[in-house]
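The values are calculated or read from the model by the stated rules, or taken from the named source; none is laboratory data. Treat the numbers as computed from the prediction; the structure is a model and nothing was measured. With ideal geometry, Cβ positions are generated from the backbone for all residues, glycine too; neighbour counts draw on all protein chains shown.
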Amino acid sequence: MRKLKNKKMIKICSLLLSLSIYSLSFGQTKTVIGIMPFTGSSTTSNDPNNYYNRNKKGDNQNVTSIQDAVTDAFLKTKRFSLVEREKMDQIKTEKNLQKNEDFIDGQVIEQSKSVGAQFIILGNVSKADVSTSRTNAPYAGTITTQKCEIAFNIRLVDVATSEIIASNSFSGTGKGNNSFESALDDIKPDIEQFIRENFKVVVSVASIEEKNKRGEATKILIAGGSSLGFKEKNELKVYELSEMVVDGKKMSRKVTIGKVRINSIEDENFSKCSVLEGGNDIASKLESGAKLKCEVINE
């Protein structure tokens with residue numbers, strides 16, 4: 001009797017282990033980003049209200065706030081894991097990076113790898129002017145106006161290749177008592193667009209959920225859910241991923257075969273989709289063992 005119970009327990013444990021492996025095999029691993037401390041160049045403004053001119057020897061809180069805005073944009077997507085700021089600060093301290101440096105040497109790359117970063121974000125703030133102007137108006141007296149101008153650039157470095165794979169400049173203006181925050185709000189949509197353009201959401205097709213009478217896939221399950229920020233009605237293109245060697249170089253080839261729309265978010269790892277296009281190809285290729293991936297078209 002005890003042997004039967006032990007066999008039963010072994011079967012249950014084996015089943016749970018299989019389910020865990022199945023979930024992990026399809027689970028989407030988040031991309032790990034390391035954001036280096038942003039640097040700040042001197043601005044041309046001589047306005048005594050300009051933050052740089054008031055705090056040249058101190059920590060530049062405006063630069064830190066701009067870096068925080070970029071960090072928040074990555075976190076907002078729910079698709080990235082960020083290396084702890086203290087670890088990235090330590091890399092900069094040890095290397096003593098210079099302002100406006102375009103080259104990152106092997107030491108920084110290796111240190112970034114050691115903390116798990118797949119990509120590094122470098123940022124340099126060229127302007128963070130907060131100026132105040134005063135005008136005299138009839139009846140109203142003296143009117144004080146605050147204006148802020150922000151300009152910075154970021155570079156995206158692939159840790160695996162040490163190459164700068166993308167860069168962009170951002171600028172924004174703001175007015176009023178909270179002009180700096182207003183200028184940041186002006187820039188945030190552009191930062192989010194930069195992330196969307198350079199980090200496409202790609203997940204695997206996990207299974208076919210339903211077919212029609214002709215054997216075409218009408219509903220599929222994809223390995224991406226709430227943890228990636230997926231939402232109902234998101235549309236994704238489905239493509240076959242294959243590898244080939246061209247001129248001695250290994251390359252990935254993507255051939256689009258269909259399109260799907262998310263109907264429901266099942267949990268943090270999976271979503272159910274309706275097939276909009278390519279149901280026949282999706283079914284036949286998936287059943288033949290092809291690697292099918294989905295890439296978000298709209299967010």
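Can you tell me which residue is modelled with the lowest pLDDT among those in the stretch 173-203 that are in a loop (DSSP other than H, G, I, E, B) and buried (at least 17 other Cβ atoms within 10 Å of the Cβ)?
Checked the stretch 173-203; the qualifying residue modelled with the lowest pLDDT is Val201.
Summed over the stretch 150-165, the residues that are under 15 Å from Met36 (Cβ atoms), aliphatic (A, V, I, L, M) and in a strand (DSSP E or B) give a count of 4.
If only residues of the stretch 216-233 that are out of contact with any helix residue (DSSP H, G or I) (no Cβ under 9 Å at 6 or more places or on another chain) and charged (D, E, K, R) are counted, the one that is modelled with the highest pLDDT is Lys219.
In the stretch 210-235, the residue that is nearest to Ile195 (Cα to Cα) out of those that are out of contact with any Lys or Arg (no Cβ under 8 Å at 6 or more places or on another chain) and among the charged types (D, E, K, R) is Lys231. One residue stands out among those in the stretch 115-149 that are crowded, with 20+ Cβ neighbours inside 10 Å and at pLDDT below 85: the one that is farthest from Pro37 (Cα to Cα), which is Val130. Restricted to the stretch 49-74, and to residues there that are over 21 Å from Lys147 (Cα atoms) and not charged (D, E, K, R), the residue that is modelled with the lowest pLDDT is Gly58.
Within the stretch 204-257, if we keep just the residues that are in a strand (DSSP E or B) and hydroxyl-bearing (Ser, Thr, Tyr), the residue that is surrounded by the most Cβ atoms within 10 Å (Cβ to Cβ) turns out to be Tyr239. You will find that of Ser167, Ser204, Ser226, Ser179, the residue that is farther than 13 Å from Ile66 by Cβ and in contact with a Cys (Cβ under 6 Å, 6 or more places away or on another chain) is Ser179 and no other.
Only a single criterion out of (1) part of a strand (DSSP E or B); (2) surrounded by 15 or more Cβ atoms within 10 Å (Cβ to Cβ); (3) at pLDDT 95 or above is not satisfied by Ile282, namely (1).
When you look at Ser288, is it exposed (fewer than 14 other Cβ atoms within 10 Å of the Cβ), touching a residue at least 12 places away in the same chain (Cβ under 8 Å) and over 22 Å from Thr31 (Cβ atoms), yes or no? Here the answer is no, as Ser288 does not meet what is asked.
Is it true that some residue in the stretch 236-251 is under 24 Å from Asn198 (Cα atoms), under 23 Å from the mean Cα position of the chain (by Cα) and polar (S, T, N, Q)? No. So, in the stretch 165-208, of the ones that are aromatic (Phe, Trp, Tyr) and out of contact with any Ser or Thr (no Cβ under 9 Å at 6 or more places or on another chain), which residue ends up farthest from Cys148 (Cα to Cα)? My answer is Phe194.
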